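Chemist: Quick one: the structure is below, questions incoming.
The values are calculated or read from the model by the stated rules, or taken from the named source; none is laboratory data. Computed from a predicted structure; not experimentally measured. Because the Cβ atoms are built from the backbone with ideal geometry, glycine has one as well, and the counts that use them run over all protein chains shown. Remember, those area values only see protein heavy atoms, side chains included, never the ligands or the DNA or RNA. Shrake-Rupley method; radii C 1.70, N 1.55, O 1.52, S 1.80 Å.
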Amino acid sequence: MRIALKWIAGLVALIALLVTVFLLVFDWNMLRNVIAERLSEEIGREVAVDRNLEGSLGLQPRIKARDVRIANAGWAAEPNMVEIESLQMQLDLRSLARGRLVFSELQIRGAAVHMEIDADGRSSWDLGRETDEPPWIPLIESLVVEESRLTFHDRRHDVELDATIASAEGTSPEWGARPVTIEGIGRLQHEAFELVIRGASLLDLRAPDEPYPVEVEVRIGATEATLNGSVERPFRPDDMKMALHIEGPNAFLLAPVLQLPLPSTRPYELSGDLVRETDVWRFDDFSGVVGDSDIAGSLSLDVGRDRPLITAELVSERLEFVDLGPLIGVYPEDRVPAESGEEPPGRLLPDAPLQREQIQRADARVTFRGEVVVAPQLPLRELELDLDLEDGVLKLTPLRFRFVGGTLDLFASIYSTVEPAHSDLDLRLSALELQDIFDDLGLEGAVEGVLQGRAIFETRGDTIRSAMGAAEGEAAVVMERGRVDDSALALLDAGFLEALAVRGENGEPQPMVIRCFVAGLEIEDGIMATSTMILDTERTLIAGEGEVDLREETLTLRIEGQPKDPGIAHSRVPVEIAGHVTSLSLEIDPSGVVVRGGLALGLGVLVGPLAAILPFIDPGMAEDSDCLRLIEEAEVPLH
């Protein structure tokens, strides 16, 4: 027994001596190349530790590596995907003895992560290994990241991000839990970018089937957004649901960032649920304001198609008509108040360019309803929009304005794939009650009549102004069985009334009972010229001719009237209305030159085109029409 104990004591002493010698002579660099080669084989990229390893042994050995790098994809601009100046870790050997790899502490300082997507959609972090299993991550009880940097460059979508990670810390709950915090700053699409991410403890990442709570604050230029919710699978975030609040001066500012066709808007603020289900992103049950209008609805984006598809159903319970201006390049902030004494802008048609690249980037199906429209001095009550965008062709089917009585529908097809853009437009005015318009102007019951009209034309141009300046087509407006009271006529110039033969023997205006008003117009190269214009009342026949230059926004119109009763005063000279459409002037033409093709040529010349105009507006009008009855009277001579 004594001999055995001596052998055991000698063996223990020998082991102690060997451990002591090992601790004294152990060189950590013996592990440097072994670790680098093993990691290189594992990920298929070169891993290198360019400076000596340092460490200390114990039950929790500490290892420090400097100048660690992981190679990038061969096509990437940056040679390394990951560069770390200092990586320090502390292992728990007691947990390792139980079969668990635990890092008591992991400190990363001076890291740079470079992520790139090339024009073909290849990502530099794709290691060519497809698996549905989440990555295995050891338990990290304390993580600190300092003075580090993340760059992201997507050449396919022209997106650049250069963010600084000021700090990221995570501590296991057993060690006094603190959440992960990442703060980043940089530039995104030439806009200042700020990012703050707050997540739960890193310990939560070890449960891949449990949602990982996260809060994100983002600021891009003047746009701010906050997200609060959870990611169902943190390492494969195909499913997530987060509350989103976003506000900014103009939604269009996000178009180059999101790579989606977004409209120009007034300042907005929206809140709702941001949900991702594999390839479909949804902004569900959102509500908020755009300008002075409320808005609510749902929006989805399907990115699993060759062309992303946007689907939206939107509604506004109270829509300020002025908030629609930015959609066509008119901003109410640019309006000049009348009391300012400044000259208003000289143009009405906006020059905002068609966002050709945005339209061609995605498809869309959008419905919008304005349930109550607030439009001062307009009898507009509701607005409806059905929009379809596919393969660069935008269609309105239609855009509908509902008045107290009547509707105005615009059917449009805009082809963005040709230069300049080509548009086909069909504008239909149905049963517009003039009484509603003049009642809103304070002339209750003074004017009656129902307007019908239609315009079919095509345009070429990348702005509304240039397109209308090249318009080609035809248009017509008809009104039957109307009335204008003497109270409304009394507001007009006396000379104008006399020239139009609507003054009685006593010189006072007589109520005007309108049998038929019709105007036919031919549109060529942006010039809208009358082919016929006639106003037939019980007492007077009035003819006109003129043109509107859509490019210059000017109007020239000559009107002459002739009484059916010779007792009505009549100056026998025409009236001329001319000037820019924002500042028209009215003059009694002293030359006395009559309207070309007008009353002097007889009623037949004036009403001849009616047979074609009426069915152009509405095929049913030709069956029972006071205007059509003018044709039957065409041979009756005027007094």
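Chemist: Looking at the range 395-422 only, could you name the residues that are farther than 23 Å from M479 by Cα, open to solvent by less than 30 Å² (accessible area, probe 1.4 Å) and without any contact (Cβ under 8 Å) to a residue 40 or more places away in the chain?
Modeler: L396, P398, A412, S413, H422
Chemist: Let me ask something additional. With the checklist (1) at pLDDT 75 or above; (2) under 25 Å from V231 (Cα atoms); (3) within 28 Å of the chain's Cα centre (by Cα); (4) not charged (D, E, K, R) in hand, flag the one item A119 doesn't pass.
Modeler: Result: A119 passes all but (2).
Chemist: May I pose another question? Name the residues in the range 423-434 that are surrounded by fewer than 17 Cβ atoms within 10 Å (Cβ to Cβ) and of a type in the set (G, A, S), would you?
Modeler: Once the filter is applied, which keeps residues that are surrounded by fewer than 17 Cβ atoms within 10 Å (Cβ to Cβ) and of a type in the set (G, A, S), the range 423-434 yields only A431.
Chemist: Further question on the same structure: Within the range 520-534, work out how many residues are open to solvent by 10 Å² or more (accessible area, probe 1.4 Å) and either small (G, A, S) or outside any strand (DSSP E or B) (or both).
Modeler: Total satisfying the criteria: 3.
Chemist: Just wondering, is there one or more residues in the range 437-458 that are part of a helix (DSSP H, G or I) and surrounded by fewer than 18 Cβ atoms within 10 Å (Cβ to Cβ)?
Modeler: Yes, the range 437-458 contains at least one residue that is part of a helix (DSSP H, G or I) and surrounded by fewer than 18 Cβ atoms within 10 Å (Cβ to Cβ).
Chemist: Then there is this: Considering only residues that are modelled with pLDDT of 85 or more, within 19 Å of A112 (Cα to Cα) and not in a strand (DSSP E or B), which ones fall in the range 41-73?
Modeler: R45, E46, D50, R51, N72, A73 - these are the residues of the range 41-73 that are modelled with pLDDT of 85 or more, within 19 Å of A112 (Cα to Cα) and not in a strand (DSSP E or B).
Chemist: Report the residue count in the range 79-105 for those that are modelled with pLDDT of 90 or more, crowded, with 17+ Cβ neighbours inside 10 Å and either touching a Cys at 6+ places or on another chain (Cβ under 7 Å) or part of a loop (DSSP other than H, G, I, E, B) (or both).
Modeler: So the answer is 0.
Chemist: Let me ask something else about it. With respect to I108, determine if the residue is more than 51 Å from the chain's Cα centre (by Cα) and open to solvent by less than 60 Å² (accessible area, probe 1.4 Å).
Modeler: Judged against the criteria, I108 is not a match.
Chemist: May I pose another question? Between Q90, Q60, which is touching a Phe, Trp or Tyr at 6+ places or on another chain (Cβ under 8 Å), among the polar types (S, T, N, Q) and on the phi < 0 side of the Ramachandran plot?
Modeler: Q90
Chemist: Select the strands (runs of 3 or more DSSP E) contained entirely in the range 185-270, then report the ones holding at least 3 residues which are in contact with a Gly (Cβ under 8 Å, 6 or more places away or on another chain) and modelled with pLDDT of 85 or more.
Modeler: 212-220, 239-248
Chemist: Would you mind telling me which numbered condition in (1) without any contact (Cβ under 8 Å) to a residue 24 or more places away in the chain; (2) more than 15 Å from E83 (Cβ to Cβ); (3) open to solvent by less than 60 Å² (accessible area, probe 1.4 Å) L53 fails?
Modeler: Tallying (1) without any contact (Cβ under 8 Å) to a residue 24 or more places away in the chain; (2) more than 15 Å from E83 (Cβ to Cβ); (3) open to solvent by less than 60 Å² (accessible area, probe 1.4 Å), L53 fails exactly one: (1).
Chemist: For the range 271-285, indicate whether the set of residues that are under 17 Å from the mean Cα position of the chain (by Cα) and aliphatic (A, V, I, L, M) is non-empty.
Modeler: No, the range 271-285 contains no residue that is under 17 Å from the mean Cα position of the chain (by Cα) and aliphatic (A, V, I, L, M).
Chemist: Spot the failing condition for A499; the list is (1) modelled with pLDDT of 90 or more; (2) more than 17 Å from V548 (Cα to Cα); (3) of a type in the set (A, V, I, L, M, F, W, C), and only one is missed.
Modeler: (1)
Chemist: Here's a follow-up. For the range 289-314, give me the residue count where each residue is open to solvent by 50 Å² or more (accessible area, probe 1.4 Å) and of a type in the set (A, V, I, L, M).
Modeler: Residues that pass the stated criteria total 3.
Chemist: Moving on to the next point. Out of all the residues in the range 335-359, which are of a type in the set (G, A, S), loosely packed, with under 13 Cβ neighbours inside 10 Å and at pLDDT 50 or above?
Modeler: G346
Chemist: If you scan the range 548-564, which residues turn out to be assigned to a strand (DSSP E or B), open to solvent by 20 Å² or more (accessible area, probe 1.4 Å) and in contact (Cβ under 8 Å) with a residue 40 or more places away in the chain?
Modeler: The answer is I559, E560, Q562.
Chemist: From the residues in the range 362-390 that are touching a helix residue (DSSP H, G or I) at 6+ places or on another chain (Cβ under 7 Å) and open to solvent by less than 50 Å² (accessible area, probe 1.4 Å), which one is farthest from L441 (Cα to Cα)?
Modeler: By that ranking, first place goes to L389.
Chemist: Moving to a separate point now. Take the residues in the range 535-547 that are without any contact (Cβ under 8 Å) to a residue 40 or more places away in the chain and buried (at least 21 other Cβ atoms within 10 Å of the Cβ); name whichever of them is nearest to V477 (Cα to Cα).
Modeler: So the residue we want is L535.
Chemist: If a residue has to be of a type in the set (A, V, I, L, M) and free of Cβ contacts under 8 Å to residues at least 40 places away in the same chain to count, how many in the range 428-454 make the cut?
Modeler: So the answer is 2.
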